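Input: a single structure, listed below in C-alpha cells.
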There are 2 protein chains.
Amino acid sequence: MSTDAVMLAAMAADAAQEPAKVSAVDRLVEQIRDLVRERALVIGDALPTERDLGELFQAGRNTVREALQILKAYGIVEVRPKIGAVLSDRHEDAVRKLFSFQNDISPASFLDVQGYRRIIETGVGDHLILHASAADLDHLDAVNDRILQNRSVDEAARGDFAFHEALVSLAGNRTLLASYRLLQPVITHIMRVGKAAKPVQIDTHQAHAQIINALRARDRVAYVYLLSRHLEFGLQFVGTEAAPGAQGS
Amino acid sequence: MSTDAVMLAAMAADAAQEPAKVSAVDRLVEQIRDLVRERALVIGDALPTERDLGELFQAGRNTVREALQILKAYGIVEVRPKIGAVLSDRHEDAVRKLFSFQNDISPASFLDVQGYRRIIETGVGDHLILHASAADLDHLDAVNDRILQNRSVDEAARGDFAFHEALVSLAGNRTLLASYRLLQPVITHIMRVGKAAKPVQIDTHQAHAQIINALRARDRVAYVYLLSRHLEFGLQFVGTEAAPGAQGS
DNA sequence: GTCTGCGATCTTGGTCCAACAAATAGGCAG
DNA sequence: CTGCCTATTTGTTGGACCAAGATCGCAGAC
C-alpha cells in the first residue's frame, strides 16, 4: 500500500502543475480570500469567527489562526477581540512596514534616498511644468502654508513631507505616488534630523514657495535648481561623505 | 556608519509608534529578530526548533508557529520540513508579491506603470547623459545584445526587462533600483503582452540601441524622445483609453 | 577488523484539540 | 439611562498524534 500511496502522490503531483506541497495554512489563506471575493465583502465587513472558518474549511482553529496571521501580515485583515477578523485597508501600511524591514537588514544611506527623491521630483516637475493647472499650484501653496502652523519638530516634518507628497501626487500617477510613500518613514526622519538641528519652518516654507513659483513660471531650469538646493539643504545634517552616484543631476 | 545608525533609529522609531499593546506573537517576532541579530546569523543559518524557541522565550509552540508564519510572510525565514526554520533572502520577493497583491492588473494600471517608467527612466537619463562612462554604455549594449538570443516570449520579456533594469541601475541609486524592481512582475507582464501580439526581438533591440546611442551622444532630447516612443510602442497592445495623467510628458 | 547496507528510532514540522484567560458585545435588571 | 452579568470570541498555552527526514546502530559482507 505504500507503493499505492507513492503512486497516488506522483499522479497528484503530475496532475497539478505546482507541487502538491500546499500546506493547510496556505490553502486556508486562498480559501479565505476566495470567501471574501464570493461574498463580495468590503472594507470593514467581518469574517466568520475562527471556529466557523475552521468548520467551514475543515481545519483546526490553530490552522485558521496561522492563516489569519499571514493575512494580517499582508494588511488585508485586522482582527479585533470579540468581533473577529474584519477586512482592513492597511495593505499599504503593510507594504511600507515590509519595505522598511528590508532596509533594516541592508540599510540604504540617506544620501541614496535623497538622490532618489531628486530623480522622482525632478521628473514630476517635467510633467507639472507642462500640465499643472493654476488650481494645482494653488493647492500646493495651501499645503505649503500649513507648514507655518506646525509647532513641534515632528509636525514640521510631517508638514514638509505632505508638501513633497502633494507635489508628487500632482503627477497623477498612482504607481509613482505609491513608491514615493513607501519611503515615508525614511524621508520624514531625514526631515526630523534637519529640523531638530535648526528649526526652520520659515526657510522650508520659503524654499517650497520658490519651487511653486518656478512651476508657475514654467521654468524647468529654475525648478530643478531650486529643488536640488532644497534637497541638499537637508543633506548637510546627515553626513558629509560624497554621494555614491545619482546625487548630481 | 553614523548614517546607518540614524537609519536604524528611524526604522525603530517608526516601528515603535504603536501602543504598548503588544501581543505575545508580536513580541516573539521581535525576539526572534533580536536573536538573529545577537547571534549574527546569516542567510542559510538555521534557527532553533519551534519547541526550543518556545522554551527560550517562554511561549507555547503554537504561538511560536504564529510568529514564524509572520516571519515567513515577510520572506526573512523559510521553514523547511524536518530541517527547521532557516534564514532566507526571499525578502525582496515577499515585498514584490505584497506590492503587486490586490493591485490587480488592469489596463489602467498598465498605463500607470508605463507613465511611472517614463518618469523614472527619463530621470535616469538626465544622470547618465552627464555621468555615464563608455564602459557603462558598452555594458548596456551587451545586455541589449542578449535579447537577440531569446527564443520564447517569456525569455524575450525577461531580456527586455533586464535592459531597462540595467539602465536604471546605472544611476547607481539603490533606492531607485529597488523601487523599479518592485514592479518587475507588472512590467514583464506588459512586455509579454506586447511581444505575444507580435514577436519583435529585433525591433526591441534596435529601439534600445538607439536609446544607447542617444546617451553616447549626450543628447537629452533624443533620449527622452526615443525612450517615450519605445514605451508608447508597448502601450498600443494593452488599451486604447486616454492615460489618466502623467502619460504625456 | 572494517566497511556497507538496512532498518529502528529519534527528531521535527504540520495539524488538531482542549482548556483557560482576557476582553467585550449584548442583554438584563434596576 | 445606567450599570452589572453573561455568553461569545480571540489570545495563549500545553499536549497529542502523524508523516517524513535524520540519525544511529546492528548485522552481514569483504
**OP:** Sort B:163-175, A:146-158 for me by packing, meaning the mean count of neighbouring Cβ atoms within 10 Å per residue, highest on top.
**Re:** B:163-175, A:146-158
Original post:
Shielding of A:120-127 by partners, i.e. mean partner chain Cβ atoms within 10 Å per residue?
Top reply: 6
Original post:
Assuming R0 = 22 Å, what is the FRET efficiency of B:Ile83 and B:Asp26, from their Cβ-Cβ distance, to the nearest 0.05?
Top reply: 0.30
**OP:** Using only protein heavy atoms and a 1.4 Å probe, report how much of A:Lys97 is accessible, in Å² to the nearest 10.
**Re:** 90
Original post:
In straight Cα distance, which aspartates and glutamates are under 16 Å from B:Lys82, not counting same-chain residues fewer than 8 positions off?
Top reply: B:Asp45, B:Glu50, B:Asp52
Original post:
By average Cβ neighbour count within 10 Å, what is the ranking of B:129-136, A:24-31 from highest down?
Top reply: A:24-31, B:129-136
Subject >> Using a 7 Å Cα-to-Cβ projection, B:Ser152 label spacings across copies, nm, ascending >> reply: 5.5
**OP:** Let me know the mean shielding of A:72-78 by other chains, meaning the per-residue number of their Cβ atoms within 10 Å of its Cβ.
**Re:** 4
**OP:** Treating cross-link reach as a plain straight distance, find the aspartates and glutamates whose alpha-carbon is under 12 Å from the alpha-carbon of B:Lys72, omitting any fewer than eight places away in the same chain.
**Re:** A:Asp26, A:Glu66, B:Asp89, B:Asp93
**OP:** Starting from the Kirkwood radius over alpha-carbon pairs of segment A:98-235, derive D by Stokes-Einstein at 25 °C in a medium of 0.890 mPa s and give it in µm² s⁻¹.
**Re:** 162
Subject >> Surface accessible to a 1.4 Å probe, B:Leu176 within the full protein complex, Å² >> reply: 0
Subject >> Exercise: per-residue mean of other protein chain Cβ atoms within 10 Å, B:56-67 >> reply: 2
Original post:
Taking N as the number of residues in segment B:107-160, what value does Rg over Cα atoms divided by 2.2 N^0.38 Å take?
Top reply: 1.41
Original post:
If the chain between B:Val42 and B:Ala166 were fully stretched, how many nm would it gain, using 0.36 nm times the residue separation less the Cα-Cα distance?
Top reply: 41.9 nm
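The values are calculated or read from the model by the stated rules, or taken from the named source; none is laboratory data. Just so you know, these numbers come straight off a predicted model, no measurement behind them. Cβ atoms come from the backbone with ideal geometry, glycine included; neighbour counts cover every protein chain shown. Accessible surface is based on the protein model in full, side chains and every heavy atom, while ligands, DNA and RNA are left aside. Shrake-Rupley method; radii C 1.70, N 1.55, O 1.52, S 1.80 Å.
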